[in-house]
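Q: Next up is a structure, given as structure tokens.
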Amino acid sequence: QVIGSKEYWRFRWIVLSQLQSVWMKQAGNNPVRPDKPTVDLLLSLIKNDSSWVKFAAIGFLGNTKDAAYTSIYLNNLYDKSDRVVYAAAIALGKTKSSEAFEALRKLPARPSWNYQSLISSLAGLKELGDPGGYTIAFEAMMETTSPRWTLVTPLWDYQIQAALTIVALNKQEEAFPAVMDRF
């Protein structure tokens, strides 16, 4: 009731995050399987709400890993909010959809602030697990001329997200010599 209300967005976002935590704890390593009223609420939030609440709703729905929601994630890859795009990319990767790689490969071309589209693409490719993501991640990790944040968090630093993606793809042995050369 609180999440779907007209309460202050930050309060609803926090309550939604807490609800997601309960579902995630129950699911463990398995996909989340929310009931129909919860799914309906999430879909409504994704369609109608502000960026923070929409971001949380997409993240929650993405934990179902259900490819039935692929079109929702694809549509939100071009949202005005980089936060929403980030959640949509990760959710899309989790679906393992046949449409995911191509969409995530193209995502870095989306204009964004401080390479947020690249970071979102890499996060989605990490979840997707497609070996084709290695080239994108390797090129991002080796990039040295573009301005970037250095906040030592994958949410803000595309080189860190690239390294995490490479490790998730189990390609660290291939990347290690190039990284050592840079030292």
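The values are calculated or read from the model by the stated rules, or taken from the named source; none is laboratory data. None of these values were measured; they are calculated from a predicted model. Glycine also receives a Cβ, built like all others from the backbone with ideal geometry; neighbour counts cover every protein chain displayed. To get the accessible areas, we keep the full protein, side chains included, count just its heavy atoms, and leave off ligands, DNA and RNA. Shrake-Rupley method; radii C 1.70, N 1.55, O 1.52, S 1.80 Å.
Q: Beta carbons within 10 angstrom, averaged per residue: use that to sort the peptides 162-173, 24-35, highest first. Show your work: numbers first, answer last.
A: On the way: 162-173: 18.2, 24-35: 11.9.
My ranking of the peptides, most packed first, is 162-173, 24-35.
Q: Another question, if that's okay. For the stretch 68-139, which whole-number percentage of the solvent-accessible area (1.4 Å probe, protein heavy atoms only) is attributable to carbon and sulfur atoms? Numbers along the way, then the final one.
A: Details: 1600 of 3070 Å².
Within the stretch 68-139, the accessible surface is 52 percent carbon and sulfur.
Q: Pop out the ³J(HN,Hα) list for the stretch 21-28 in order, Karplus 6.51 cos²θ - 1.76 cosθ + 1.60 with θ = phi - 60°, rounded to Hz; leave Gly and Pro as x.
A: Once θ is set to phi - 60°, the couplings for the stretch 21-28 become 4, 5, 5, 5, 5, 5, 6, x Hz.
Q: Which entries of K47/K80; K25/K65; K106/K126; K25/K54 have Cα-Cα distances beyond 19 Å here? Can you show the working numbers first?
A: Numbers: K47/K80 13 Å; K25/K65 16 Å; K106/K126 15 Å; K25/K54 21 Å.
As for pairs spanning more than 19 Å Cα to Cα, those are K25/K54.
Q: With Cβ to Cβ distances under 15 Å as the rule, what net charge do the other residues near V22 carry (K, R +1; D, E -1)? Please list the in-between numbers first.
A: Values: positive: K25, R33; negative: D35.
That works out to +1.
Q: Okay, moving on. Using just the Cα positions, wrap the chain in a convex hull and report its mean projected area in square nanometres, one decimal place.
A: Computing the convex hull of the Cα atoms and averaging its projections yields 10.8 nm².
Q: Quick one: plug the Kirkwood hydrodynamic radius of the stretch 23-116 (C-alpha pairs) into Stokes-Einstein at 4 °C, 1.567 mPa s, and report D in µm²/s.
A: Details: Rh = 13.4 Å.
Answer, rounded: 97 µm²/s.
Q: Apply the Karplus parameterisation 6.51 cos²θ - 1.76 cosθ + 1.60, with θ equal to phi minus 60°, to every residue of the stretch 132-140 and state each ³J(HN,Hα) to the nearest whole Hz, in sequence, with x for glycine and proline.
A: x, x, 4, 4, 5, 5, 4, 4, 5
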